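Below is one structure, written out as structure tokens, with a few remarks after it.
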Amino acid sequence: MSVAEKIKPITVESEFRICTVCGYDMGFHVSFQKTAKKKMKLILICPQCGARFDPGWTIDLPE
Ligand SMILES: [Zn+2]
């Protein structure tokens with residue numbers, strides 16, 4: 001699976017643990033993408049197939 005594949009938007013309800021692409025069920029790696037000067041977006045990455053998911057979570061960077 002290509003790392004360049006599009007990041008899939010997801011909605012997390014009680015838990016997001018199982019990859020919807022390959023079925024891996026032990027959770028995710030994370031990466032962070034800078035979206036603005038003081039903000040980053042958190043991206044979840046499946047450790048098995050490399051699929052990337054965007055739960056819509058953002059992080060405020062410290063001053
Ligand atoms: Zn996967």
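Computed from the coordinates by the stated procedures, all read-outs in this text should not be read as laboratory data. Note that the structure is a prediction, hence the values are computed from the model and not measured. All Cβ positions, glycine included, derive from the backbone under ideal geometry; neighbour counts span all protein chains shown.
For the chain, a simple Cβ point-charge model (Lys and Arg +1, Asp and Glu -1, everything else neutral) yields a dipole of about 320 debye relative to the Cα centre.
Rounded to the nearest 5, what % of the DSSP beta bridges within region 8-60 are antiparallel ones?
Approximately 85 percent, going by the DSSP bridge assignments.
Per-peptide packing, taken as the mean over residues of other Cβ atoms within 10 Å, places 11-17, 54-60 in the sequence 54-60, 11-17 from highest down. For the chain, the ratio of Cα radius of gyration to the globular rule of thumb 2.2 N^0.38 Å stands at 1.16.
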